[in-house]
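Bear in mind these aren't lab numbers, they're just calculated from the coordinates by the rules spelled out. All figures in this text were calculated on a predicted structure; none of them were measured in a lab. All Cβ positions, glycine included, derive from the backbone under ideal geometry; neighbour counts span all protein chains shown.
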Amino acid sequence: MKNRITNTLNYKFINNISFLDHVLQPPSYGWQDATGKLIKPSNKEIITEFFKRLNIFKDRRNWLPFFSWFKIACLIPFFFIFLTNYLTWWTVLAAFVYSMIIMGTHGTIWHHRYCTHGAYKFKNPFWRFVTQNLTISVIPEEIYVISHHVHHAKSDQPGDPYNAQAGFLYCFLADVNHQPISKNLNEQDYNRVKSLMSHTGVPANSYHQYKKWGSYVPPVYAIVSSLLNWAFWYSVFFLIGGHPLACSLFGAAAFWGIGVRTFNYEGHAKGEDKQKEGTDFSVNDKSINQVWPGIVAGEWHNNHHLFPKSARSGFKPHQVDLAWYYIKLLHKLGAISSYRDDKKLFYKRYHNPYLEAKSNKKNEDIIA
């Protein structure tokens, strides 16, 4: 019986890795060479791939990455209107807080900890809908979620959709070049994509519709939900502060939407070995804990790679975690039914043994 259970678990593990090997649409330059080493394409190759995969006239199945960048293009004029017409101390402050803190934290709460890792559960769909739409809609859930599962399975290895070792542009344009799901999944694998997305509340294409559109999410839903979200938030901001506030915050959303595409490059130390002893304990990848992303968005990235399913990533006293505070608040209000918190496990497995080893070494040095 024990051998049967072990074999079953091994089969599931191997099967899952195999699925993650081909769930994403590979770039034309490939993930790895014949020897298994990471392919590092030139900037020209990356840019060529980017525009090729934005071409909806050549292949309508390119619609989702095109739509993702089209939203950014629609937000950019608000940013220039903000700069040229509404640049005051209070609009600058509002834009800074909204882009750096509110949108950053929401990305961690919604896309990262809930949609991808299921670190907590909502009591009902109402609170899920509220959390999903807490800010201006920018990033499609599908592009983020599926690729992020691959990122954790292959972190800093060939096949990681935003492998920092391949350079800044490789990461910055990954949402088009590396993150969309494959257009040629069989029905069984597409159902696995659906299982990874079903808890998000985003409706799914049928397999027949997927073959037509190349995506999990139906185009009509993505477009209509984004329009309604934008209309709601522009109205709210306008009622609070008129066009100056509305344009400033929509411009801030553009700034965040572009800036967030740089995070994994920075969060994995630009592909270099910059981990610090006693700070970064996940040594199987190049992720690092950074103060700024940690404070403004709860992105203590090395901690997250240690415990990806934890609703809290700020484990140490100084590691402010605004995303966790929101999750904890909603739990107290009854909106979140359960969550996972690995803080105690972090101290037990990593931090306390490190302090003990450090203390023992110090004592040995004194005796010597």
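Filter the range 133-160 for residues that are of a type outside the set (D, E, K, R), assigned to a loop (DSSP other than H, G, I, E, B) and in contact (Cβ under 8 Å) with a residue 40 or more places away in the chain and give the result. Explain how you work it out, then say what you get.
Taking the range 133-160 first, the residues of a type outside the set (D, E, K, R) are 133-140, 143-153, 155, 157-159.
After this cut, where a residue has to be assigned to a loop (DSSP other than H, G, I, E, B) as well, the list is 133-140, 155, 157-159.
Scanning the range 133-160 gives Asn133, Thr135, Ile136, Ser137, Val138, Ile139, Pro140, Ser155, Gln157, Pro158, Gly159.
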Could you check the range 299-338 and list, in sequence order, the residues that are over 25 Å from Phe281 (Cβ atoms) and without any contact (Cβ under 8 Å) to a residue 24 or more places away in the chain? Leu329, Lys332, Leu333
For Thr262, only one of the following conditions fails: (1) assigned to a helix (DSSP H, G or I); (2) over 16 Å from the mean Cα position of the chain (by Cα). What is its number? (2)
Consider Leu54 against the criteria (1) hydrophobic (A, V, I, L, M, F, W, C); (2) in a loop (DSSP other than H, G, I, E, B); (3) within 30 Å of Pro244 (Cβ to Cβ): it satisfies all of them except one. Which criterion is unmet? (3)
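Residue-by-condition table, conditions (1) surrounded by 22 or more Cβ atoms within 10 Å (Cβ to Cβ); (2) under 17 Å from Asp341 (Cα atoms); (3) among the hydroxyl-bearing types (Ser, Thr, Tyr):
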{"residue": "Gln275", "(1), (2), (3)": "no, no, no"}
{"residue": "Thr279", "(1), (2), (3)": "no, no, yes"}
{"residue": "Glu299", "(1), (2), (3)": "yes, yes, no"}
{"residue": "His304", "(1), (2), (3)": "yes, yes, no"}
{"residue": "Phe307", "(1), (2), (3)": "yes, yes, no"}
{"residue": "Ser313", "(1), (2), (3)": "yes, yes, yes"}
{"residue": "Gln319", "(1), (2), (3)": "no, yes, no"}
Condition met for Tyr86 (of a type outside the set (Lys, Arg), crowded, with 19+ Cβ neighbours inside 10 Å and in contact with a Cys (Cβ under 9 Å, 6 or more places away or on another chain)): yes
Within the range 27-58, count every residue that is free of Cβ contacts under 8 Å to residues at least 12 places away in the same chain and over 15 Å from Phe168 (Cα atoms). 10
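A quick yes/no check of all residues on (1) touching a Ser or Thr at 6+ places or on another chain (Cβ under 7 Å); (2) of a type in the set (Ser, Thr, Tyr):
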position	(1), (2)
Ser206	no, yes
Trp213	no, no
Ala231	no, no
Ala254	no, no
Thr262	no, yes
Gly267	yes, no
Pairs only if they're at least six apart or on different chains, beta carbon under 9 angstrom, first in the range 176-199 and more than 25 Å from Arg113 (Cβ to Cβ), second among the aliphatic types (A, V, I, L, M) and in a helix (DSSP H, G or I); list them, first residue then second. Asn177/Ile46; Leu185/Val193
Conditions (1) in a helix (DSSP H, G or I); (2) without any contact (Cβ under 8 Å) to a residue 24 or more places away in the chain; number of the one not met by Leu87: (1)
If a residue counts only when it is among the small types (Gly, Ala, Ser), which helices (runs of 4 or more DSSP H) contained entirely in the range 299-368 have at least 1 such residues? 322-333, 352-367
Anything in the range 178-200 that is touching an Asp or Glu at 6+ places or on another chain (Cβ under 9 Å) and not polar (S, T, N, Q)? List them, or say none. His178, Pro180, Ile181, Lys183, Val193, Met197
